[in-house]
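Student: Here's a structure for you.
The values are calculated or read from the model by the stated rules, or taken from the named source; none is laboratory data. In this text the structure is predicted, and so the values were computed from the model without any measurement. As a convention, Cβ positions derive from the backbone with ideal geometry for all residues, glycine included, and neighbour counts pool all protein chains shown.
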Amino acid sequence: MNDAKVKIAYTVSVSEIRQEVAKIYHRAVSDLKAVINECDMTDPTGDSVSDVLSAIDKIRKLMFSIDTNFDDCVSILADYQRMVAEMHSPTPPMTPPVPEDG
């Protein structure tokens, strides 16, 4: 079976946003360390072609995961920053509607 990816969404309280981003961020960092480890363990001139191809495939999949996780962090933090800015910006006073002549 193909390891297809599905985007999920869930709601957390504002006070938990930074902790949730930290979890996603650390998952990406862990995958980044795995990429470095895989690169260090792969010898393109000494390993079999099959092993090198397999390692490259694994590295590429990890890099996709890293990019996706960092993109999620950026998206969440940008929305959070926008929300905080809106909460701290003064709201313009409401003016009553002007009746139309007619």
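Student: Among all residue pairs at least 6 apart or on different chains, which show Cβ distances below 7 Å where the first residue, located in the range 4-23, is farther than 14 Å from Val84 by Cβ and the second is part of a helix (DSSP H, G or I)?
Tutor: These pairs meet every condition: Val12/Glu20.
Student: If we keep just the residues of the range 24-43 that are assigned to a helix (DSSP H, G or I) and polar (S, T, N, Q), which is nearest to Tyr80 (Cα to Cα)? Even if it seems obvious, please write down each step before you answer.
Tutor: Within the range 24-43, the first condition is being assigned to a helix (DSSP H, G or I), and the residues that meet it are 24-41.
Imposing the further condition that a residue be polar (S, T, N, Q) reduces the set to 30, 37.
Details: Ser30: 24, Asn37: 34 Å.
Among residues in the range 24-43 that are assigned to a helix (DSSP H, G or I) and polar (S, T, N, Q), the one nearest to Tyr80 (Cα to Cα) is Ser30.
Student: If you go through the range 1-28, how many residues are modelled with pLDDT of 95 or more, loosely packed, with under 13 Cβ neighbours inside 10 Å and either of a type in the set (A, V, I, L, M, F, W, C) or touching a Gly at 6+ places or on another chain (Cβ under 7 Å) (or both)?
Tutor: Result for the range 1-28: 1.
Student: On the basis of being in contact (Cβ under 8 Å) with a residue 40 or more places away in the chain and surrounded by 10 or more Cβ atoms within 10 Å (Cβ to Cβ), does Ile36 make the cut?
Tutor: Working: in contact (Cβ under 8 Å) with a residue 40 or more places away in the chain: no; surrounded by 10 or more Cβ atoms within 10 Å (Cβ to Cβ): yes.
Here the answer is no, as Ile36 does not meet what is asked.
Student: Find the residue count for the range 44-102, including only residues that are part of a helix (DSSP H, G or I), surrounded by 10 or more Cβ atoms within 10 Å (Cβ to Cβ) and not small (Gly, Ala, Ser).
Tutor: We begin by selecting, within the range 44-102, every residue part of a helix (DSSP H, G or I); these are 49-88.
In the following step, the residues that additionally are surrounded by 10 or more Cβ atoms within 10 Å (Cβ to Cβ) were identified as 51-84.
Imposing the further condition that a residue be not small (Gly, Ala, Ser) reduces the set to 51-53, 56-64, 66-74, 76-77, 79-84.
The qualifying residues number 29.
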